[in-house]
Amino acid sequence: MYLSDYHFHTHCSSDSTATLSQQAKAAISAGVREICVTDHWNLLDQQGKRLDTVYDWKRPLEQWRRLRHRWPGQLEVRLGVEVGNGVLNPAAVDAGLELPELDFVIGSLHSQSAAAGGRGIFTVAHACTRREEGAAVLEDYVGMLEELVQGAGYDVLGHIIYPLRYLPPEFELDLRPWWDRLAEVLRSAAAQGKGIEFNTTAGTTVEQWRDVLTLYRDLGGEVLTLGSDAHRPAHMAAAFPQALELIRAVGFRYLCVYRRRTPLFCKL
C-alpha cells in the first residue's frame, strides 16, 4: 500500500531539533512513500500568552523547496502546517494559509479557550489533582472543537483525543460524556468534506483511538490521514502497523494524502 505520514515536526517547530532531511530518511527506512511536514503555528504559548498571528513561512518554505525533489521514486515530500488554536483569530489564519505551495492544514487545539485562561492543555492537564478538574479541561476542549469545526482554516481536525494524552490515567476519563456533541463535530466535518487524523503520538496512542474512529466511520466519515506526530526521527511512522490494523478493523477503505488542500484517496 501507499503509506504516508502526515503529521511530524522539524526544527521549524520550537519543540523539535530534527531536520527535514533526517525525518525524510527515517520515513524511507520505515517504508513510508509520502510525508507532509506540519510544523507548528500556535496562537498561544503554554502560559496563555498571545503569539504572532502572522506566520513566518520563510524557514519552512526554504527547507521544503531545497529537499522536495531529493528522493525521486522513493519519497514524496509535501508542505503542510499545524495551526494551534486558530479559533482565536480565524481571519488571520485564513490569510496566513494563502500560500500557493501549501498542500495540507491540521487544525489543532493545544491550549484552553481564552475564557479559561488560554494555558497549554499539556500544562493544565498535568497540574490536575482532582477528577473534576480533568473533566473541566475536557468540557472546555469540546467547546473549542465545536467552534473550530465551523471555520475554514483546517483540512483535518488534529489529534482529537489530545487532552487524554496528559490527564492522569487514574482519573479514568474519556470523551464518552461528550459523545453526542463529538458526533455533531465529526458529522459537521464530514459534511464539509473535511476529515480527522489518526495520530499515534510517537507510537504511544493507538488503541485509545478505537471508539473515536468507529464513531467517525459510523457517521459516514471517510477523510482520514495518519500521522506519528514525530518530533525526532526515531518516532517517524511509529506504531503504523498497529494503526493500520485498527483502521481496517473499524471499516476504513482509504487513507488520504493532499494536493493543494484537496484530499486524494489511497486504497488500503
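Quick note: the coordinates plus some simple rules give every number you see, no bench work behind them. This one's a predicted model, so the numbers in the text were calculated from it and none came from an experiment. For neighbour counting, all protein chains shown are included, and Cβ atoms are generated from backbone atoms with ideal geometry for every residue, glycine included.
Quick notes on this one:
- Global form of segment 57-98, assessed from the alpha-carbon gyration tensor, a/c cut-off 1.5: prolate
- E62 paired with R130, simple spin-label distance in nm, labels 7 Å along Cα-to-beta-carbon: 5.1
- Stokes-Einstein diffusion for segment 25-170, with the hydrodynamic radius set to the Kirkwood value over Cα pairs and evaluated at 37 °C in a medium of 0.692 mPa s, equals 198 µm²/s.
- Contour excess over end-to-end distance, with Cα ends at V250 and L268 and 0.36 nm allotted per residue: 5.2 nm
- Positive dipole terminus of segment 173-245, leading residue within G195, L213, F240 (C-beta point charges): G195
- Taking the charge dipole of segment 1-56 about its Cα centre, with +1 at Lys and Arg Cβ atoms and -1 at Asp and Glu Cβ atoms, the residue from A30, S4, Q47 reaching farthest to the positive side is A30.
- Between the C-alpha center of segment 1-76 and that of segment 161-182 there is a gap of 28 Å.
- Anchor K25: lysines whose Cα lies under 26 Å away (excluding residues fewer than 8 positions away in-chain): K58, K267
- For the peptides 131-139, 189-197, residues were scored by their other Cβ atoms within 10 Å and the scores averaged per peptide; the highest-first order is 189-197, 131-139.
- Normalised by residue count, segment 4-267 yields a Cα convex hull volume of 116 Å³ per residue.
- Kirkwood hydrodynamic radius over Cα pairs of segment 152-268, then Stokes diffusion coefficient at 37 °C and 0.692 mPa s, in µm²/s: 223
- Taking 0.36 nm per residue of separation and subtracting the current Cα-Cα distance, fully stretching the chain between E101 and D218 would add 38.7 nm.
- Here segment 174-268 is assigned +1 on the Cβ of each Lys and Arg and -1 on the Cβ of each Asp and Glu. Its dipole about the Cα centre then comes out at about 460 debye.
- Dipole size of the chain about its Cα centre, with +1 on Lys/Arg Cβ and -1 on Asp/Glu Cβ: approximately 920 debye, rounded to the nearest 20.
- Farthest toward the positive end of the dipole of the chain, out of V223, L79, Q150, is the Cα of L79, where the dipole comes from beta carbon charges about the Cα centre.
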